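Asker: Would you mind keeping the following structure in view while I ask a few things?
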Amino acid sequence: MATKPKLYYFRGRGRMESIRWLLAAAGVEFEEEFIETAEQYEKLQKDGRLLFGQVPMIEIDGMVLTQTRAILSYLAAKYDLYGKDLKETVRINMYADGTLDLMLMIALAAFKPPAEKEESLAVVVQKAQTRYFPVFEKILKDHGQDFLVGNKFSWADIQLLEAILMVEELNASVLSDFRLLQALKTRVSNLPTVKKFLQPGSPRKPPLDEKSLEQAKKIFRIK
Ligand code: GSN
């Protein structure tokens, strides 16, 4: 039997969370090794297993992979969540890259000084409402289908759900003007694998609290 993919990251969302979401949506069980200290992280770097000295890193199919987007696109292709042809795949890439940009803004805001953090998060909510969500609402309206690309569940849909839930943690009513996104959220949340991931006790990680933030700063030596 094939071994489970193994994920190496700190015990938080960060850049690894979309990888966890994609594996979970594909119904793939995985193991996690949590980096808890700067020394543990340095050892991984010294062992030469991190291509550019960075995580996320995952072991899968006899390979050691880094670079979040490369990992996500490998998983999307492997688990048939990447469209039926190159034209669908490039659309999935565009949509996924957009939601990754949005989520990275949220992740990076956590590391800002307290005085700037609130304002940064307000900008993220505003950008979600004026730049990102209208685009996805229009895509769904224009083609009238159940999923973003090819009327079939893909990486683009699962990552959009992840992004929607993150922005809703900042502003619970953020989807109120986006009727089709509300329907997509319900549809994707009810897929059996996704439903399972949304339940307590799954490998899904909570938003970064102060303690985890301090730990991440120590591990990655962020001033
Ligand atoms: O997307 C990627 O995986 C890379 N382009 C960036 C990975 C990255 O910045 N990783 C951070 C960990 S916290 N990020 O989510 C990292 O390893 N920082 C320490 C360093 O020396 O860069």
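Asker: The stretch 138-223: percent of C-alpha pairs farther apart than 16 Å? Mind dumping the intermediate values first?
Answerer: On the way: 2266 of 3655 pairs.
Of all Cα-Cα distances in the stretch 138-223, 62 percent exceed 16 Å.
Asker: If you don't mind, another one. Give me the lysines in straight-line cross-link reach of residue 152: C-alpha distance below 23 Å, same-chain residues under 8 apart excluded.
Answerer: The qualifying lysines are 78, 84, 87, 138, 141, 185, 195, 196.
Asker: Work out how much length residue 28 to residue 165 would gain on full extension: take 0.36 nm times their residue separation and subtract the Cα-Cα distance, in nm to one decimal.
Answerer: Values: separation 137, 0.36 × 137 = 49.32 nm, distance 2.14 nm.
Gain on extension, residue 28 to residue 165, equals 47.2 nm.
Asker: Something else about it: Express the accessible area of the stretch 1-113 per residue in Å², computed with a 1.4 Å probe while the remaining protein chains stay in the model. Walk me through the numbers before you get to the answer.
Answerer: On the way: 5700 Å² over 113 residues.
Value for the stretch 1-113: 50 Å² per residue.
Asker: Which whole number in µm²/s is D for the chain by Stokes-Einstein, with the Kirkwood Rh taken over Cα pairs at 10 °C and 1.306 mPa s?
Answerer: Values: Rh = 18.3 Å.
For the chosen part, D equals 87 µm²/s.
Asker: Now a separate question. Can you work out the FRET efficiency for the pair residue 131 and residue 67, with r the C-beta to C-beta distance and R0 = 25 Å, to the nearest 0.05?
Answerer: On the way: r = 25 Å, r/R0 = 1.00.
For residue 131 and residue 67, the calculated efficiency is 0.50.
Asker: Along the charge dipole of the stretch 154-223, Cβ charges K/R +1 and D/E -1, which of 184, 155, 171 sits furthest on the positive end?
Answerer: So the residue furthest toward the plus end is 155.
Asker: How large is Rg/Rh for the stretch 42-154, to two decimals, with Cα atoms and a Kirkwood Rh? Each step should come with its number before you reach the end.
Answerer: Numbers: Rg = 17.6 Å, Rh = 16.6 Å.
Reported Rg/Rh, Kirkwood definition of Rh: 1.06.
Asker: Between residue 141 and residue 122, 0.36 nm times their residue separation minus their Cα-Cα distance comes to what? Mind dumping the intermediate values first?
Answerer: Values: separation 19, 0.36 × 19 = 6.84 nm, distance 2.70 nm.
Gain on extension, residue 141 to residue 122, equals 4.1 nm.
Asker: Could you state the orientation-averaged shadow area of the convex hull built on the Cα atoms of the stretch 47-101, in nm² to one decimal? Present the calculation step by step, with values, prior to reporting the outcome.
Answerer: Numbers: hull surface 17.6 nm².
Projected area, direction-averaged: 4.4 nm².
Asker: Assuming 0.36 nm per residue, please report the length gained on full extension of the stretch residue 40 to residue 111 beyond their Cα-Cα distance. Present the calculation step by step, with values, prior to reporting the outcome.
Answerer: Numbers: separation 71, 0.36 × 71 = 25.56 nm, distance 2.13 nm.
Working it through step by step, the gained length comes to 23.4 nm.
The values are calculated or read from the model by the stated rules, or taken from the named source; none is laboratory data. Since we're looking at a predicted model, the values are computed, not measured. When we count neighbours, we look across all protein chains shown, and the Cβ atoms used for this are built from the backbone with ideal geometry, even at glycine. We work out accessible area using only protein heavy atoms, side chains counted, and drop any ligands, DNA or RNA first. Shrake-Rupley method; radii C 1.70, N 1.55, O 1.52, S 1.80 Å.
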